[in-house]
Amino acid sequence: MSGPMHHIGLNCSDPIAIERWYAKHFGFERLRVYLPGPDQVVVIGNGGVALELFPAEGEPPPRGERDGPTERGVRHVAFLVDDLDAKLAEIGDDTEVTLGPLDMGGFIEGMRVAWISDPEGNIVELNQGYEDETNPPPLDR
């Protein structure tokens, strides 16, 4: 049996800048540092899923626009927020809104969503009002 999901690894041109941005806007703190020094790998978390930040090599892949890239791989990471407008105002000029805010009430009553870009162009979803389904259809096996 496996445990809960723990982290997502991100390759970063500037891991320190990424760490500062997620710390400032989403309350991330250092959980572990591997290889202290210029090539350090840092795990940061905020009580939910953590991010493991690696120094990147080579040219960056194309980054997403709108709600994230459509090629295989990670589309975006998402955070639940109590007040979407207040969170966007709080982040201010530290981001670019890539899509939204959108009223998603047709899917979940009261849900509003916006997608923003972190300093390296990774897409981050801000979601107000998301709720899991009480009885989603089962996976066909």
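The values are calculated or read from the model by the stated rules, or taken from the named source; none is laboratory data. Model, not experiment: these values are computed from the prediction. Cβ atoms come from the backbone with ideal geometry, glycine included; neighbour counts cover every protein chain shown. SASA here: full protein model, heavy atoms, side chains in, ligands and nucleic acids out. Shrake-Rupley method; radii C 1.70, N 1.55, O 1.52, S 1.80 Å.
Of Glu59, Glu96, Glu52, Glu65, which residue is under 18 Å from Ser13 (Cα atoms), among the charged types (D, E, K, R) and modelled with pLDDT under 95?
Answer to the selection: Glu59.
Among the residues of the range 118-130, how many are at pLDDT 95 or above and open to solvent by 20 Å² or more (accessible area, probe 1.4 Å)?
Looking only at that region, the number is 4.
Would you be able to tell me the number of residues in the range 50-60 that are surrounded by 11 or more Cβ atoms within 10 Å (Cβ to Cβ) and either more than 19 Å from His6 (Cβ to Cβ) or not small (Gly, Ala, Ser) (or both)?
Adding up the residues that qualify gives 7.
Can you pull out the residues in the range 66-86 that are within 14 Å of the chain's Cα centre (by Cα) and on the phi < 0 side of the Ramachandran plot?
Scanning the range 66-86 gives Asp67, Pro69, Val74, Arg75, His76, Val77, Ala78, Phe79, Leu80, Val81.
Counting only residues that are β-branched (Val, Ile, Thr) and in contact (Cβ under 8 Å) with a residue 60 or more places away in the chain, which one in the range 69-94 is least open to solvent (accessible area, probe 1.4 Å)?
Filtering first and then ranking leaves Ile91.
Counting only residues that are in contact (Cβ under 8 Å) with a residue 24 or more places away in the chain and of a type in the set (Ser, Thr, Tyr), which one in the range 1-49 is most open to solvent (accessible area, probe 1.4 Å)?
Among residues in the range 1-49 that are in contact (Cβ under 8 Å) with a residue 24 or more places away in the chain and of a type in the set (Ser, Thr, Tyr), the one most open to solvent (accessible area, probe 1.4 Å) is Ser13.
For the range 7-19, indicate whether the set of residues that are part of a helix (DSSP H, G or I), closer than 22 Å to Ile123 by Cβ and among the small types (Gly, Ala, Ser) is non-empty.
The answer is yes, given that some residue of the range 7-19 is part of a helix (DSSP H, G or I), closer than 22 Å to Ile123 by Cβ and among the small types (Gly, Ala, Ser).
Need the failing condition index for Val97 against (1) in contact (Cβ under 8 Å) with a residue 12 or more places away in the chain; (2) over 14 Å from the mean Cα position of the chain (by Cα); (3) open to solvent by 40 Å² or more (accessible area, probe 1.4 Å); (4) farther than 26 Å from Glu52 by Cβ, just the number.
Among (1) in contact (Cβ under 8 Å) with a residue 12 or more places away in the chain; (2) over 14 Å from the mean Cα position of the chain (by Cα); (3) open to solvent by 40 Å² or more (accessible area, probe 1.4 Å); (4) farther than 26 Å from Glu52 by Cβ, Val97 violates only (2).
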